[in-house]
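Student: I'd like to ask some things about the structure below.
The values are calculated or read from the model by the stated rules, or taken from the named source; none is laboratory data. Computed from a predicted structure; not experimentally measured. When we count neighbours, we look across all protein chains shown, and the Cβ atoms used for this are built from the backbone with ideal geometry, even at glycine. Note: areas computed on protein heavy atoms with side chains; ligands, DNA, RNA excluded. Shrake-Rupley method; radii C 1.70, N 1.55, O 1.52, S 1.80 Å.
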Amino acid sequence: MEIISIPKIMQETSKEYLVDGKTIGLVPTMGALHEGHLSLVGRAKQENDITVVSIFVNPIQFGASEDLERYPRDIEGDTEKLRREKVDIIFMPEISSMYPEVFLTYVEVEKISERLCGAFRPGHFRGVATVVTKLLNIVKPTRAYFGQKDFQQSIIIKQLVKDLNMDVDVVVCPTVREQDGLAMSSRNAYLDRAQREAATVIYRCLKEASDLIKSGVIDRTYIKGLMQDRLLKEPAVSSVDYAGVYDPETMNELSEIKGDVLLTVALRIGDTRLIDNMLVTSSDYQIQQPNFKSLKERAI
Ligand code: PAF
């Protein structure tokens, strides 16, 4: 396994692989790797000749009052995990090589970045879109892998790849959960035992809402009310940024449950902000239309 820290060297290395006709899979991460990341690595390894994992805690996607300084870092542990997974390259750039003193270009995906997490974390998605664009330009992957837990992020990245005519497939992989349903996240490490237990309310709330919709309860106001109620009843939850039913393409809140819908939640337990979501597709809950032809045939 090679460890590369200089963007130019990473770019040259990728170019050589591409000239040789090899495909490259990129898994962009901020480190503190868990099973969720490793599932993306597994998928990238299956689908590509070369797998690159980037580890970079991107300062420009953290707001002034956010957790950049205390964000978990475990370079030794991460390197060991990736060695075990037989990853080909870790790309681990320094902040100064990604953002030199004169750095003037940012990528902003309008509208869909302003909603949900974007409304509570101003500038966050601009930071994500900028670093992901840089990583795609440096690593030149054939495919790039992201987790569905960060649903809004994955939609924004798909949009920027389309808008900027970037030649890469964005692959979104299912959320990996702990046994009790909590979505895996590097930020779970901040939770003490009681908070960790309380955090399961997120999955329970999403599952209850999803099951209700699938059983035919498609009253949006009721579902939203139920989600808010379940979350706010948990004493460890200090605030709920949002919880409800959203359009999985535009990230707008839906006024009715129709077609594919995204149930999504962002809340704080103590100082820790957690997000999660569940997609309910129209085929999961559409009430079967009677087949009139066969009914007529039966009547005859
Ligand atoms: O999802 C993450 O870990 C980060 O937002 C990403 C995509 C690596 C960009 O810094």
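Student: For helix 200-214, what angle does its Cα long axis make with the longest principal axis of the chain, in degrees from 0 to 90 and rounded to 10?
Tutor: Taking the Cα atoms of the chain, the angle to 200-214 is about 50 degrees.
Student: Another question about this same structure. Which value at 222 nm does the chain reach when only helices count, each DSSP H run of 4 or more adding -39,500 (n - 2.57), with the total divided by all residues and rounded to the nearest 500 deg cm²/dmol? Please list the in-between numbers first.
Tutor: On the way: 12 runs with 119 residues, N = 300.
Per the formula, -11500 deg cm²/dmol.
Student: Let me know the shape class of the range 67-106, please: from the alpha-carbon gyration tensor, a ≥ b ≥ c as square roots of the eigenvalues, rounded when a/c is under 1.5, otherwise prolate if a/b is greater than b/c, or oblate.
Tutor: Values: a/c = 3.56, a/b = 1.72, b/c = 2.06.
Oblate shape, in that a/c is at least 1.5 and b/c is the bigger or equal ratio.
Student: Moving on. For Lys258, which aspartates and glutamates qualify as cross-link partners when the Cα separation must be under 20 Å and same-chain residues fewer than eight apart are set aside?
Tutor: Excluding near neighbours in sequence, the set is Glu208, Asp211, Asp219, Asp247, Glu249, Asp284.
Student: Here's a follow-up. Tally Lys/Arg at +1 and Asp/Glu at -1 over every other residue whose Cβ is under 13 Å from the Cβ of Phe62; what's the total? Mind showing how you got there, number by number?
Tutor: Working: positive: Arg70, Arg121, Arg126, Arg187, Arg273; negative: Glu66, Asp67, Glu69.
Counting the neighbours of Phe62, the net charge comes to +2.
Student: Quick check: at a probe of 1.4 Å, how many percent of the accessible area of the range 141-300 sits on carbon and sulfur atoms?
Tutor: The value for the range 141-300 is 48 percent carbon and sulfur by accessible area.
Student: May I pose another question? Relative contact order for the chain: what percent, with Cα pairs under 8 Å and sequence separation of 6 or more? Kindly include the intermediate steps, with their values, before the conclusion.
Tutor: Details: 491 pairs, mean separation 48.7, N = 300.
Here the relative contact order equals 16 percent.
Student: Find the Cα radius of gyration of the chain, compare it with 2.2 N^0.38 Å by division, and give the number to two decimals.
Tutor: Details: Rg = 21.1 Å, N = 300, 2.2 N^0.38 = 19.2 Å.
Rounded to two decimals, the normalised Rg is 1.10.
Student: Rounded, prolate or oblate: which fits the range 1-87 when a ≥ b ≥ c are the square roots of the eigenvalues of the alpha-carbon gyration tensor, with rounded for a/c under 1.5 and prolate only if a/b beats b/c?
Tutor: Note, shape of the range 1-87 comes out prolate.
Student: Turning to a different aspect of this structure: Counting only Cα, what are the radius of gyration and maximum Cα-Cα distance Dmax of the range 47-202, in Å?
Tutor: Values for the range 47-202 (Cα only, Rg and Dmax): 16.5, 47 Å.
Student: Roughly how many debye, to the nearest 20, is the charge dipole of the range 1-155 about its Cα centre, given +1 on each Lys and Arg Cβ, -1 on each Asp and Glu Cβ, and no other charges?
Tutor: Values: 19 positive and 22 negative charges, 76 e Å.
That gives the range 1-155 a dipole magnitude of about 360 debye.
Student: Can you work out the accessible area per residue across the range 53-189, with the rest of the protein chains kept in place, probe 1.4 Å, in square angstrom?
Tutor: Working: 6840 Å² over 137 residues.
Spelled out: the 1.4 Å probe surface of the range 53-189, per residue, equals 50 Å².
Student: Please give the length that would be gained between Asp67 and Glu101 if that part of the chain were fully extended, namely 0.36 nm times their separation in residues minus their C-alpha to C-alpha distance (nm, one decimal). Write down the numbers at each step before the final one.
Tutor: Values: separation 34, 0.36 × 34 = 12.24 nm, distance 2.28 nm.
Full extension from Asp67 to Glu101 adds 10.0 nm.
Student: If you plug each phi of the range 144-150 into the Karplus form 6.51 cos²θ - 1.76 cosθ + 1.60 with θ = phi - 60°, what whole-Hz ³J(HN,Hα) values come out, in order, with x for Gly and Pro?
Tutor: 10, 10, 9, x, 5, 4, 9
Student: Hey, another quick one. Per 0.36 nm of contour for each residue apart, how much would the distance between Asp219 and Asp180 grow if the chain were fully extended, relative to their Cα-Cα spacing? Don't skip to the answer; put the middle values down first.
Tutor: On the way: separation 39, 0.36 × 39 = 14.04 nm, distance 2.76 nm.
My answer for the length gained is 11.3 nm.
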